[in-house]
Amino acid sequence: MNTISEAFLLSLQMMVRLDPELLRIIGLSLRVSLTAVVLGSLIGLPFGALLALTRFPGRNACIVVLNACMGLPPVVVGLIVYLILSRSGPLGTFGWLFTPAGMVMAQVVLITPIVAALSRQTVADLWIEYEEQLRSLGLTPIKAIATLLWDGRFSLSTAVFAGFGRAIAEVGAIIIVGGNINGFTRTMTTAISLETSRGDLALAMALGIVLLAIAISINAAATTLGNTARRRQGA
Amino acid sequence: MHGRLSLLPLQLNDVGYSVNRQRLIGGVNLRFEMGPPTLILGPNGAGKSLLLRLCHGLIEPTAGDVQWQGPAAQTPQNLRFEQAMVFQKPVLLRRSVLANVEFPLKLRGLDAASRRAKALAVLERVGLAALAERPARVLSGGEQQRLALARAWALEPQILFLDEPSAALDPGATRQVEGIIGNIAASGTKIVMTTHDLGQARRLAGDIIFLHRGSVAERTPATEFFNQPQSDAARAFLQGDLTW
């Protein structure tokens, strides 16, 4: 109880003081996770739509694997990306190990299946509604992908936020790939992990509160914006 | 319409459609040529919507064949772009009224300025110009159907299939929709339309196809159909009897 109240106080102090170290950690967390969300969405949205609209042998197996990949353990992803990026790995020449770029890569691997699996369902539902009309107007399923992604934008934003939530919250992948280097690859979650293991529970808790506050405000803002736009479109 | 290759006539040869060996439509022989609107009448479940979808190519017949015999049918793109369909429940994109009309024009390769000009002109003709910037999905049912008609009209199709376009509308909106359909027909588009509204058929039809249990019971000029129907099924339908 003591730790918790102390942590609240500390987190308030840190936020009010705009502690530069804290700001840097928050900044890197957001930069890495937002970049990963953008890249993961650029891959995941079209891929999910493609899977929703095409029929090929092995498609069901593909969907099962994709859905399973929504639950990829971050530490395993971290380990795999670590091996790929390590000096002797296939992408070792990039020199991305223990850099934010490597962390982004690991999070892209984590997020893309989530965005793809959720958008596949959304696009499939929308296609049921639109199929006859779009085919009547002369679109093939492949050509309809862009249209369906745009018209599904309100529902698809949920898939993107799910991806962001996963990225901003995970620690396993980025701590392995990034190395939690002070001032360079330390993020909110890796800092919490470090402070906890060092026994500074109050500081860890304070960072946790800040992380929660950021995650909640970003999602709240996005949801509000999305709902307003959705209502205006009557979608 | 000038200088364009013709898509019509449309010829259906012994067309049938079955699902799980259950025959929904069978033995349909029909020919559609340029001319006044053809209305397809029949009780619910007679296969009216199915017949339209077979004609429009949204589903493939399981028996017989659907032949477009005009020269435009030689290229797949003309075949698709020279015909259009409006559905009973309009399928509108989650975009503005104007963007809904512009969308298929873009597919047909029109540049932005011509798209906009054409879309605005056709919205004017259906009385929706003032609502051009509104999101399409917040329109009333009647406005939505007028928008769906405008979107099809902007394409200047040679043939337009209409699947009970006013089934869910009140009398006022129905009259507006019928007025637009009349104008589209007058602009040189062949209308093929299903309805179960006899008054509507009287007002719009040049000739009538009466479907009964998946087959064509008769095809007669409209005046003749209403005065002296050829088939028992049509006679019973006109008298309001239950014909299924």
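Return the residues of region B:62-77 that are in contact with a strand residue (DSSP E or B) (Cβ under 6 Å, 6 or more places away or on another chain) and assigned to a loop (DSSP other than H, G, I, E, B); say none if nothing qualifies.
B:Thr62, B:Gln69
Does A:Val123 qualify as being away from chain B (no Cβ under 14 Å), of a type outside the set (Gly, Ala, Ser) and either within 26 Å of the chain's Cα centre (by Cα) or buried (at least 18 other Cβ atoms within 10 Å of the Cβ) (or both)?
no
Considering only region B:90-102, I want to know if a residue exists there that is assigned to a strand (DSSP E or B) and either farther than 30 Å from A:Leu156 by Cα or among the basic types (Lys, Arg) (or both).
The answer is no, given that none of the residues of region B:90-102 is assigned to a strand (DSSP E or B) and either farther than 30 Å from A:Leu156 by Cα or among the basic types (Lys, Arg) (or both).
Of the residues A:Leu30, A:Leu51, A:Leu34, A:Leu42, only one is out of contact with any helix residue (DSSP H, G or I) (no Cβ under 6 Å at 6 or more places or on another chain), among the hydrophobic types (A, V, I, L, M, F, W, C) and closer than 16 Å to A:Leu118 by Cβ; which?
Testing whether each residue is out of contact with any helix residue (DSSP H, G or I) (no Cβ under 6 Å at 6 or more places or on another chain), among the hydrophobic types (A, V, I, L, M, F, W, C) and closer than 16 Å to A:Leu118 by Cβ leaves just A:Leu42.
Looking at (1) open to solvent by less than 40 Å² (accessible area, probe 1.4 Å); (2) in a helix (DSSP H, G or I); (3) in contact with a Gly (Cβ under 7 Å, 6 or more places away or on another chain); (4) of a type outside the set (Lys, Arg), which one does A:Gly208 not meet, given that it meets all the others?
So the condition that A:Gly208 fails would be (3).
Considering only strands (runs of 3 or more DSSP E) fully contained in region B:130-233, which possess at least 2 residues that are within 14 Å of another protein chain (Cβ to nearest Cβ), of a type in the set (A, V, I, L, M, F, W, C) and open to solvent by less than 30 Å² (accessible area, probe 1.4 Å)?
Per the criteria, B:159-163.
Which of the residues that make up region B:16-26 are open to solvent by 50 Å² or more (accessible area, probe 1.4 Å) and more than 22 Å from B:Glu164 (Cβ to Cβ)?
Once the filter is applied, which keeps residues that are open to solvent by 50 Å² or more (accessible area, probe 1.4 Å) and more than 22 Å from B:Glu164 (Cβ to Cβ), region B:16-26 yields B:Asn20, B:Arg21, B:Gln22, B:Arg23.
What do you reckon, is B:Glu60 more than 11 Å from chain A (Cβ to nearest Cβ), closer than 14 Å to B:Arg151 by Cα and open to solvent by 10 Å² or more (accessible area, probe 1.4 Å)?
So B:Glu60 does not fit the description; no.
Would you mind finding the one in B:Ile40, B:Ile25, B:Ile59 that is in a strand (DSSP E or B) and over 22 Å from B:Ala186 (Cβ atoms)?
The unique qualifying residue is B:Ile25.
Residue pairs, Cβ under 9 Å, 6 or more apart or interchain, first in region B:1-19 and modelled with pLDDT of 90 or more and part of a loop (DSSP other than H, G, I, E, B), second open to solvent by 30 Å² or more (accessible area, probe 1.4 Å) and aromatic (Phe, Trp, Tyr). List them.
Going by the 9 Å Cβ cut-off, the qualifying pairs are B:Leu7/B:Trp68; B:Pro9/B:Trp68.
Listed here are the residues, each with its yes/no results for (1) crowded, with 19+ Cβ neighbours inside 10 Å; (2) in contact (Cβ under 8 Å) with a residue 24 or more places away in the chain; (3) in contact with a Pro (Cβ under 9 Å, 6 or more places away or on another chain).
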{"position": "A:Leu53", "(1), (2), (3)": "yes, yes, yes"}
{"position": "A:Phe56", "(1), (2), (3)": "no, no, no"}
{"position": "A:Ala61", "(1), (2), (3)": "no, no, no"}
{"position": "A:Asn67", "(1), (2), (3)": "no, yes, yes"}
{"position": "A:Pro74", "(1), (2), (3)": "yes, yes, no"}
{"position": "A:Gly78", "(1), (2), (3)": "yes, yes, no"}
{"position": "A:Ser88", "(1), (2), (3)": "no, no, no"}
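So which helices (runs of 4 or more DSSP H) are wholly in region A:1-70 and hold at least 2 residues that are basic (Lys, Arg)?
A:20-53
Taking the condition of being more than 12 Å from chain B (Cβ to nearest Cβ) and either open to solvent by less than 40 Å² (accessible area, probe 1.4 Å) or of a type in the set (Asp, Glu) (or both), how many residues in region A:132-156 meet it?
Here the count works out to 1.
Could we say that B:Ala72 is more than 10 Å from every other protein chain (Cβ to nearest Cβ), aliphatic (A, V, I, L, M) and farther than 23 Å from B:Arg151 by Cβ here?
So B:Ala72 fails the test.
Hey, could you check region A:8-36 for residues that are surrounded by 15 or more Cβ atoms within 10 Å (Cβ to Cβ) and more than 18 Å from A:Thr190 (Cβ to Cβ) and say which is nearest to the chain's Cα centre (by Cα)?
If we take residues in region A:8-36 being surrounded by 15 or more Cβ atoms within 10 Å (Cβ to Cβ) and more than 18 Å from A:Thr190 (Cβ to Cβ), then A:Met15 is nearest to the chain's Cα centre (by Cα).
Scan A:Asn182, A:Asn227 and give me the residue that is open to solvent by 60 Å² or more (accessible area, probe 1.4 Å) and either within 25 Å of A:Thr99 (Cβ to Cβ) or touching an Asp or Glu at 6+ places or on another chain (Cβ under 9 Å) (or both).
After ruling out the rest, the residue left standing is A:Asn182.
When you check A:Ile128 against the structure, is it surrounded by fewer than 17 Cβ atoms within 10 Å (Cβ to Cβ), in a helix (DSSP H, G or I) and within 14 Å of chain B (Cβ to nearest Cβ), yes or no?
yes
Does region A:192-235 hold any residues that are within 14 Å of another protein chain (Cβ to nearest Cβ) and out of contact with any Phe, Trp or Tyr (no Cβ under 9 Å at 6 or more places or on another chain), and which are they?
Of everything in region A:192-235, those that are within 14 Å of another protein chain (Cβ to nearest Cβ) and out of contact with any Phe, Trp or Tyr (no Cβ under 9 Å at 6 or more places or on another chain) turn out to be A:Thr228, A:Arg231, A:Arg232, A:Gly234.
The values are calculated or read from the model by the stated rules, or taken from the named source; none is laboratory data. Predicted model only: the values in this text are computed from it and were never measured. With ideal geometry, Cβ positions are generated from the backbone for all residues, glycine too; neighbour counts draw on all protein chains shown. Please note that ligands, DNA and RNA were not included when accessible areas were found on the heavy atoms of the full protein model with its side chains. Shrake-Rupley method; radii C 1.70, N 1.55, O 1.52, S 1.80 Å.
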